[in-house]
1. State whether one or more residues within the range C:278-288 are more than 27 Å from A:V96 (Cα to Cα) and either in a loop (DSSP other than H, G, I, E, B) or open to solvent by 30 Å² or more (accessible area, probe 1.4 Å) (or both).
2. Yes or no: A:T147 within 18 Å of A:A285 (Cα to Cα) and not basic (K, R)?
3. So, C:I76, is that one buried (at least 19 other Cβ atoms within 10 Å of the Cβ) and either out of contact with any Phe, Trp or Tyr (no Cβ under 7 Å at 6 or more places or on another chain) or away from chain B (no Cβ under 14 Å) (or both) or not?
4. Would you be able to tell me the number of residues in the range C:109-126 that are under 12 Å from C:A93 (Cβ atoms) and part of a strand (DSSP E or B)?
5. Can you tell me which of C:G164, C:G169 is touching a residue at least 60 places away in the same chain (Cβ under 8 Å) and open to solvent by less than 10 Å² (accessible area, probe 1.4 Å)?
6. Assuming A:V297 fulfils every condition listed in (1) outside the structural domain of A:G153 (by TED's automatic domain parsing); (2) open to solvent by 30 Å² or more (accessible area, probe 1.4 Å); (3) of a type in the set (V, I, T) apart from one, which condition is it?
7. Hand me the list of strands (runs of 3 or more DSSP E) wholly inside the range A:201-277 holding 1 or more residues that are open to solvent by 50 Å² or more (accessible area, probe 1.4 Å) and either free of Cβ contacts under 8 Å to residues at least 60 places away in the same chain or in contact with a helix residue (DSSP H, G or I) (Cβ under 8 Å, 6 or more places away or on another chain) (or both).
8. Confirm whether A:L301 is modelled with pLDDT of 95 or more and within 30 Å of A:A103 (Cα to Cα).
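The values are calculated or read from the model by the stated rules, or taken from the named source; none is laboratory data. All values derive from a computational prediction rather than experimental measurement. Glycine also receives a Cβ, built like all others from the backbone with ideal geometry; neighbour counts cover every protein chain displayed. Side chains are part of the model used for accessible areas, which takes the heavy atoms of the whole protein and leaves out ligands, DNA and RNA. Shrake-Rupley method; radii C 1.70, N 1.55, O 1.52, S 1.80 Å.
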Amino acid sequence: MKGSHEFVNRDVISIRGFTREEIDYILEVSRSMESIVERGSDMLRGKIMAELFFEPSTRTRLSFQTAMYKLGGNVIGFAEPKVSSVWKGETLADTVRVVENYADIIVLRHPLEGAARFAAEYAHIPVINAGSGAEEHPTQALLDLYTILKAKGRIDGLNIILMGDLRYGRTVHSLAYALSNYDVSLHLVSPALLRMRPEVIEDIEGQIEVSEHTDLMEVLPDADVLYVTRIQKERFPDLGEYEKVKGSYVIDLEVLKKAKDDLIVMHPLPRVDEIAVEVDSTPFAKYFEQVRNGVVVRMALLALILGAVK
Amino acid sequence: MKGSHEFVNRDVISIRGFTREEIDYILEVSRSMESIVERGSDMLRGKIMAELFFEPSTRTRLSFQTAMYKLGGNVIGFAEPKVSSVWKGETLADTVRVVENYADIIVLRHPLEGAARFAAEYAHIPVINAGSGAEEHPTQALLDLYTILKAKGRIDGLNIILMGDLRYGRTVHSLAYALSNYDVSLHLVSPALLRMRPEVIEDIEGQIEVSEHTDLMEVLPDADVLYVTRIQKERFPDLGEYEKVKGSYVIDLEVLKKAKDDLIVMHPLPRVDEIAVEVDSTPFAKYFEQVRNGVVVRMALLALILGAVK
Amino acid sequence: MKGSHEFVNRDVISIRGFTREEIDYILEVSRSMESIVERGSDMLRGKIMAELFFEPSTRTRLSFQTAMYKLGGNVIGFAEPKVSSVWKGETLADTVRVVENYADIIVLRHPLEGAARFAAEYAHIPVINAGSGAEEHPTQALLDLYTILKAKGRIDGLNIILMGDLRYGRTVHSLAYALSNYDVSLHLVSPALLRMRPEVIEDIEGQIEVSEHTDLMEVLPDADVLYVTRIQKERFPDLGEYEKVKGSYVIDLEVLKKAKDDLIVMHPLPRVDEIAVEVDSTPFAKYFEQVRNGVVVRMALLALILGAVK
């Protein structure tokens, strides 16, 4: 059985760095944070989290801040593109070695792949990857798993669809890796141009059943989870091609008539029009609950890594 | 008699949503915050305020932050135009439904009229309007009332001048509505081009005595309160017209010779040259005290709405 | 003997405003902060520090924030160039008189010389100069002294080199003044174009031994401290001239072979290539420790000025 001591001072760079046992433990600690999130706590009093956001991501940034404040800690950092550009004058290695003197943990967002891993190699304090390049976004994958577990009571045995832009979205890459630890059937639904990267499929298809589709209807009727991501017009060299496919990946009440009653619809947000507003008030919709779950999962990670979980 | 329970989870969108009895109660609670402002308190420990500033207003933002910190709470949010533009990609409804998962209360500043009311309709947590469009700015109106009450010991029976740009300034609109709850004589002094909007006058003239003037000297000698706002050159299509009027709306010691000794001069700040610096050190000047009063009034609102006032 | 009461509400504008006795006392209090920096404290609970950064300087800003949070206080302010430009519409005197209603202490960074002194004249709360113009940067000088004292056990009797751009760097000006309180030999090493300003040399050469050099090798062998600053290409009207000199002011292991074994190498950061990365892991390198020392020195100043040191 994994214990909390294994997480102290640990970096969170990729979801692939965690075993199923470890992920389950994080989700268990996340659940224990549910009671703290309302009233707050002093678990991380006197601790400081540094958010180094070389790329804007206000949602992720605010989510980590909330998690830290709910645990009684404080937050420093930068997010403004102008300010962060100032730091680019020095190497990331130096920035990290400066900031580790201010903070107890670094949360890094960076446009370059590998940046989080590189930072972790230099830092004497733990680093959490809040997204680097088109690589993974491990805390998003954890909150997605937590959302599924909370809504369904389990992850094993589920029929899960990832739909939309599976090529460029770091969220779906991380989630696919995370799900490969469980006994699930994974259905990848996207336009041909935006299929899941072959290296991801290769990595996971030995572990779980994976199928690819361009037509949602082939897999929707049996699905337990439908994870929607946005298809951006800019990805299509030919706008006509975009116009042809876009309607096929929009979820509305009409589409959901073909789904099981207890299907849950997820989305990493922001959504534009890939999920109709009419879905929001139905029991299908879990995308705003994902936001809430992000706070407890990040609380769990911060508390575990900073040694506040006994 | 109003009790604190009536304010729990209440939105603050417009000063018009409050009765005189309620306003008096807020001012009374504000007074009780005076002793807390120095030493700080734990009343809102574990609570988080989200500041969503889609339009810059550093003064208002810092004032709310100070209020929250003095009560032991924490603050998240954004103010940088670049960062907030990122949020514009999603609907305000979605932004609010994301942020309500991070915070216990939202403070919203937005360039569009009606934005605060719209946000409040979607949010499951209370929303405070920190200025939206040319609409009202209710917390400014409350701090203005508090400043008058503190300096004069009463609001009823006073002779009050609002001067300057009465057309575009949201501050004076909110203040006019706020004052209409009291037994005051209101004198509106402005260039013809910048007269108070007719709908505001219509709304309040049934309740209080209102007169309009272009010449300050017609009303200054009997005034108890002179509320000055800035006249911006850009409002005048004809610069010659601007040059003609601007001198008439500048307050200096010479002008104040015609005023009662206990007149108070107020201004929402920033001031440019509409109040001469020589006035700052006289007992007339209350504009920096308004800033201080803004903190206690916002402390009162936050504590009331978040249920910390028994 | 100086006592803590002499620091309460005191402005920190220039290192020249402090006697040796006072500086020694600050360094002594800094040392007492070493034990607090790990676990945090409640010394400044309920207190608010306002950071008014009219010029970006993320390192200094984060350092002050960390110091304040470690003491249990809170932080408001602005640093974004766009936001701070909004404040430029009003006079600095008015900005200060607004902000003093929100905070207990102001930390100011400003591009204009004299800005900090000017702000201190208007503010009713203490002001710390975090750099204004090419003037001094007193808290950097204090952390530099603290670093020397910690590494060497004393400052008196040391042989100290300041090297690089001695003309434009406010850091080296402040440090030269700070060191002139001690019994040190100061060696100034720079290209002819970037010599220390004559007024600084005039001010300090009555108090300590000062020599100027263009060749580091003349003074390196006997040095106890080598303080390196960056030489910017932009300072040279003739790029050929820059290319000629730049190599002479780069510190690497080869250069350090000529130095005493216990030489310490300092740098205010960010460094570009004036210190080779290979030096980082040697005992010579103290530049990242300077960052850490900046936090305890700023904690000491905040605690002293806000009356939390008994």
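1. No, the conditions are met nowhere in the range C:278-288.
2. Details: within 18 Å of A:A285 (Cα to Cα): yes; not basic (K, R): yes.
Criteria met by A:T147.
3. On the way: buried (at least 19 other Cβ atoms within 10 Å of the Cβ): yes; either out of contact with any Phe, Trp or Tyr (no Cβ under 7 Å at 6 or more places or on another chain) or away from chain B (no Cβ under 14 Å) (or both): no.
It is false that C:I76 is buried (at least 19 other Cβ atoms within 10 Å of the Cβ) and either out of contact with any Phe, Trp or Tyr (no Cβ under 7 Å at 6 or more places or on another chain) or away from chain B (no Cβ under 14 Å) (or both).
4. Residues that pass the stated criteria total 0.
5. Working: C:G169 fails: open to solvent by less than 10 Å² (accessible area, probe 1.4 Å).
It is C:G164.
6. Unmet condition: (2).
7. Numbers: elements: A:209-213, A:225-228, A:264-266.
Passing ranges, in order: A:209-213.
8. On the way: modelled with pLDDT of 95 or more: yes; within 30 Å of A:A103 (Cα to Cα): yes.
Answer is yes for this residue.
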